[in-house]
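Student: Before anything else, here's the structure in question.
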Amino acid sequence: MGFVSTILGFCGFGVGVSCGLTIGYYLFIYFQPCDVKDPVIRPLVERDSKSLQQLLSEIPLWVKCPDYDRVDWLNKFLEYMWPYLDKAICRTAKDIAAPIIAEQIPKYKIDSVEFETLTLGSLPPTFQGMKVYVTEEKELIMEPSIKWAGNPNVTVAVKAFGLKATVQVVDLQVFAAPRITLKPLVPSFPCFANIFVSLMEKPHVDFGLKLLGADLMSIPGLYRFVQETIKDQVANMYLWPKTLEVQILDPSKAMKKPVGVLHVKILRAMNLKKKDLLGASDPYVKLKLTESKLPSKKTPVRHKNLNPEWNEEFNMVVKDPESQALELSVYDWEQIGKHDKMGMNIIPLKDLTPDESKTMTLNLLKNMDANDAQNDKDRGQIMVELTYKPFKEDELPKDFEDNDAAHKVPEGTPPGGGVLMIIVHEAQDVEGKHHTNPYVKILFKGEERKTKQVKKNRDPRWGEEFTFVLEEPPVNDRLHMEVVSTSTRIGLLHPKETLGYVDINLSDVVSNKRINEKYHLIDSKNGRLQVELQWRTAS
């Protein structure tokens, strides 16, 4: 019976399989849906932008959005530099993490946390495009689109209670759209004081996490929980308008704000040499601070005098007493031709004791070259009295961002009035018919001011500052600014022409305290003038 049962079982299995295959094939062939239609093929030009982006999600942003610029050069730079950046970034990350780990592990009774391996892999991040914003402020705003599908290997060993656990992070993917703001822009390398970083949308973060060789992300529900938690935590800290601020330079030192005032009194000069044919000289003194863009100050001319006395006083704003110096030069005035230089000398401000008056007698030199033998020649002496008065803490501006508004108005300003400050930054696309040597002429309350002339330039930059002390706010006044070009050649044909003008109503300046705008010039095809206006009051 056992043999017979076995034979019948095999036969039944064969018959069942054969019948099942036959029935399945019949059902597959004869029960296909009959209402299946061929897909409709539509040209891409007939689709809207949203559906196109869904179909072509991997196309770089510089293709889809004209606001984004192509930055292949930056990706190529990262590709070549990545092996070196990998080591530098990992070393920096270890140095930053070490004190943080040492501070935190005692709270959780952990013996040690160490990096067994730390590498970012061989695949660098790529920039899909970059958008740059142009503003009227001293800042640079960039929005890069970053994608990084890397192969990092981060292995962390945790020891506690005599046991050791190893956690490994692999296959990291990060897609982010940060906004990077460099501000304020300053005239000291690297030319910006702070970096502000924020995220314009929640980042996409995907990674593998292995514990004791097992992939924790494969646990049902854990992957989505970890991913959403990371997104929410990062968004709470850095999603726009929240920012991460990284200070690169001390803003006060980078901008070189005024830190004190140097009081200079030019007393006299002695034993000057004869420069004129009749056996005398007409001396005067020019003085200025090094590293300052302000024009030199001058004493009156003392005619036919080799031992002149001036007793003239000057006040000069000091920005860096450690590096700046007072430069004194004595000239012989000439009615026609170039004035002859009689001698010079400099006084480093670091040699002065703050708030102490110091009288000095200096030998006049030909130049400041210590190896020049001509400096041994006697050229006379000059006597000066100097006092350096640094600002007190309560006199310094507190807020760097509103530094200009924090300055106090000059003494003697009327109680109900204030100071109107005009900063002429630059002009663009100004062009004359016969010549383009522009300068700006400012007319306000019958008073005229001018910037320096920039020769042969359609996009001149001035950066000059003018102030008007007023008895009352200029609510109903208008400011007239005119861009003028004058010929640099001697002649009467077309000596001067107007390149455009603008009239500015000052009521907005009084209410807003500060305005920085580009104004379209009247009677100019495309000309624009950037002007910053500030209204400062004594209160």
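The values are calculated or read from the model by the stated rules, or taken from the named source; none is laboratory data. Fair warning: this is a prediction, and the values are worked out from it, not measured in the lab. Counting neighbours? That spans all protein chains shown, and the Cβs are built from the backbone with ideal geometry, glycine included. These accessible areas exclude ligands, DNA and RNA; they are computed on the full protein's heavy atoms, side chains included. Shrake-Rupley method; radii C 1.70, N 1.55, O 1.52, S 1.80 Å.
Student: Over the heavy atoms of Glu116, what accessible area does a 1.4 Å probe trace out, to the nearest 10 Å²?
Tutor: 90 Å²
Student: I would also like to ask the following. Ordering Cys65, Cys191 from largest to smallest accessible area (1.4 angstrom probe), what's the sequence?
Tutor: Of Cys65, Cys191, the descending order of accessible area is Cys191, Cys65.
Student: What's the carbon and sulfur percent of segment 266-354's accessible surface, probe 1.4 angstrom, rounded to a whole number?
Tutor: In segment 266-354, the share of accessible area belonging to carbon and sulfur is 48 percent.
Student: Per residue, how many Å² of accessible area does segment 327-395 show with a 1.4 Å probe?
Tutor: 62 Å²
Student: Any idea how far the Cα center of segment 176-199 sits from the one of segment 64-105, in Å?
Tutor: A separation of 17 Å, based on Cα centres.
Student: With each pseudo-label sitting 7 Å past Cα toward Cβ, what's the Ala165-Ser507 distance in nm, one decimal?
Tutor: About 7.0 nm separates the two model spin labels.
Student: Continuing with the same structure: Length gain on complete extension for the stretch Gln227 to Cys19, per 0.36 nm per residue less the alpha carbon to alpha carbon distance?
Tutor: My answer for the length gained is 69.9 nm.
Student: Just give me a number: lysine pairs in segment 73-186, eight or more positions apart or cross-chain, with C-alpha atoms less than 25 Å apart.
Tutor: 16
Student: Near Lys456, which lysines are there with a Cα under 20 Å away, not counting those fewer than 8 places off in the same chain?
Tutor: Partners found: Lys433, Lys441, Lys496, Lys525.
Student: Another question about this same structure. Roughly how much of Asp38 is accessible, in Å² to the nearest 10, using a 1.4 Å probe?
Tutor: Asp38 has an accessible surface of roughly 140 Å² with all protein chains in place.
Student: Can you give the accessible area of Ser511, probe radius 1.4 Å, in Å² rounded to 10?
Tutor: Counting only protein heavy atoms, Ser511 exposes about 80 Å² to solvent.
Student: Around Ile422, with a cut-off of 10 angstrom between Cβ atoms, what is the net charge of the other residues, counting Lys and Arg +1 and Asp and Glu -1?
Tutor: Taking every other residue near Ile422 into account, the sum is -2.
Student: Hey, if we sort Phe192, Phe444 by accessible area with the 1.4 Å probe, largest down, what's the order?
Tutor: The ranking, largest first, comes out as Phe192, Phe444.
Student: Could you please put Trp62, Trp535 in sequence from largest to smallest accessible area, using a 1.4 Å probe?
Tutor: Sorted by accessible area, descending: Trp62, Trp535.
Student: Also, I was wondering about something else. Just grab the label-to-label distance for Ile96 and Tyr26, each label 7 Å out from Cα along the Cβ direction, in nm (one decimal).
Tutor: Using points 7 Å along Cα→Cβ, the separation is 7.1 nm.
Student: Relative contact order for segment 437-539 using alpha-carbon pairs under 8 Å, separation at least 6, rounded to a whole percent?
Tutor: In percent, rounded to a whole number, it is 22.
Student: How far apart, in nanometres, would the label points at Val40 and Glu312 be if each is projected 7 angstrom from Cα along the Cα-to-Cβ direction?
Tutor: In this crude spin-label approximation the distance works out to 8.8 nm.
Student: Still on this model: Accessible area per residue, 1.4 Å probe, Å², for segment 64-156: what's the number?
Tutor: With the other protein chains kept in place, segment 64-156 gives 64 Å² per residue.
Student: Pull up the cross-link candidates among the lysines for Lys358, meaning alpha carbon to alpha carbon under 19 Å and not fewer than 8 places away within one chain.
Tutor: Lys265, Lys288, Lys350, Lys389
Student: Taking a temperature of 10 °C and a viscosity of 1.306 mPa s, what whole-number D in µm²/s does Stokes-Einstein yield for segment 75-210 with Rh from Kirkwood over alpha carbon pairs?
Tutor: Translational diffusion coefficient: 90 µm²/s.
Student: Something else: Determine the distance separating the Cα centre of segment 435-484 from the Cα centre of segment 293-308; give it in Å without decimals.
Tutor: The two parts, judged by their Cα centres, are 29 Å apart.
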